[in-house]
Amino acid sequence: MTELNTVPSRIAHASSHLDARLGGASFLRRNMRKIFPDHWSFLLGEIALYSFVILLLTGTFLTFWFKPSMGHVLYDGPYEPLRGVMMSEAYASALEITFEVRGGLLVRQIHHWAALVLMWRQKHTQMPGKGRTNRNVVGAPFYPSFMAKSGAYFLFTLGVIAGLATFAQINPIWLYGPYTPADVSAGSQPDFYLAFLEGALRIMPAWEINLFGTAEAGTLPMSVIIPGLVPLGVILVGLSLYPFAER
Ligand code: HEM
């Protein structure tokens, strides 16, 4: 039997042939040994990434039961206070996830908390500062140390978010009842897209100034002008000055 006919040598032959065409070995060598910086600030980006992975996993779970439908149904589930109430199929299915699907409430709350943790993140590439790691990257190679550490950080993030979801209730939708858009005090929906802007609008007293003392001449809606311009102005001016302050 010639050497080429043994199974290991055939595999070696085939893989070096493949590698010659695809360059996989040098890709792997380069990337498995890629050094990941050890600066603590990179952890913030990792927390955001792991929260997103948690969102993907829990979101996939939720899609099995959630019905994104505005069709109306009469609620006849186990939650007494809402029995016999007309509601959207979407809301009814979220109630079903909450009260009937095993672990459903926990997963809903994990999904919601992970979404909040994801948004609380910081752009980590700015630190430790421009050019400061370019020449001398201090850290651990991707495989195995960085992979092991990342796995542990992922589990730690999951643990903290699951703890929050267990002990800190969030979005108890059964207490709110079916959604009636006309009941909101301020019209922009969904309110969280506008965050502090919407919050500022809602806490501002209904203050209007009628020009020349009459509404016919025109009205200045201070209840919109002040919360609309002041917080955003402070933030945008602050953001544009920040690079100078940081330098
Ligand atoms: C950046 C990514 C995401 C964010 C910020 C996000 C955020 C949210 C939030 C805040 C809710 C309301 C949760 C509640 O009931 O209190 C929700 C619901 C839901 N999400 Fe996501 N999500 C994300 C990704 C995903 C993905 C990837 C999936 C599916 C694969 C998914 C599937 C769902 C489903 C089915 C619901 C409705 C069930 C429910 O309200 O509990 N989400 N999402």
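Per-residue answers, yes or no, for (1) over 26 Å from the mean Cα position of the chain (by Cα); (2) at pLDDT below 85; (3) over 24 Å from residue 119 (Cβ atoms):
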{"position": "184", "(1), (2), (3)": "no, yes, no"}
{"position": "194", "(1), (2), (3)": "no, yes, no"}
{"position": "205", "(1), (2), (3)": "yes, no, yes"}
{"position": "208", "(1), (2), (3)": "yes, no, yes"}
{"position": "221", "(1), (2), (3)": "yes, no, yes"}
{"position": "224", "(1), (2), (3)": "yes, no, yes"}
{"position": "242", "(1), (2), (3)": "no, no, no"}
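Of the helices (runs of 4 or more DSSP H) lying entirely inside the stretch 1-68, those carrying at least 1 residues that are under 30 Å from residue 101 (Cβ atoms), among the small types (Gly, Ala, Ser) and out of contact with any Lys or Arg (no Cβ under 6 Å at 6 or more places or on another chain) are 42-63. Regarding the stretch 124-145, can at least one residue be identified that is at pLDDT 95 or above, in the same structural domain as residue 48 (by TED's automatic domain parsing) and out of contact with any helix residue (DSSP H, G or I) (no Cβ under 9 Å at 6 or more places or on another chain)? No.
Results for (1) surrounded by 16 or more Cβ atoms within 10 Å (Cβ to Cβ); (2) within 11 Å of the ligand (Cβ to nearest atom); (3) in contact (Cβ under 8 Å) with a residue 60 or more places away in the chain; (4) more than 22 Å from residue 162 (Cβ to Cβ), shown as yes or no for each residue.
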position: 50; (1), (2), (3), (4): yes, no, yes, no
position: 58; (1), (2), (3), (4): yes, yes, no, no
position: 62; (1), (2), (3), (4): yes, yes, no, no
position: 68; (1), (2), (3), (4): no, yes, no, yes
position: 76; (1), (2), (3), (4): no, no, no, yes
position: 86; (1), (2), (3), (4): no, no, yes, yes
position: 107; (1), (2), (3), (4): yes, yes, no, no
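If the condition is being open to solvent by 40 Å² or more (accessible area, probe 1.4 Å), free of Cβ contacts under 8 Å to residues at least 60 places away in the same chain and part of a helix (DSSP H, G or I), then the stretch 88-103 contributes 89, 96.
Residue 178 meets the conditions (1) more than 23 Å from the chain's Cα centre (by Cα); (2) open to solvent by less than 60 Å² (accessible area, probe 1.4 Å); (3) modelled with pLDDT under 85 in every case but one. The failed one is (3). When residue 11 is tested against (1) of a type in the set (Val, Ile, Thr); (2) open to solvent by 40 Å² or more (accessible area, probe 1.4 Å); (3) assigned by TED's automatic domain parsing to the domain that holds residue 159, exactly one condition is not met: (3). The sole residue among 65, 40 that is of a type in the set (Phe, Trp, Tyr) and modelled with pLDDT under 95 is 40.
The values are calculated or read from the model by the stated rules, or taken from the named source; none is laboratory data. For clarity, every value in this text was computed on a predicted model and none was experimentally measured. FYI the Cβ positions are ideal-geometry reconstructions off the backbone, even for glycines, and counts take in every protein chain you see. These area figures cover heavy atoms from the full protein model, side chains too; ligands, DNA and RNA do not enter into them. Shrake-Rupley method; radii C 1.70, N 1.55, O 1.52, S 1.80 Å.
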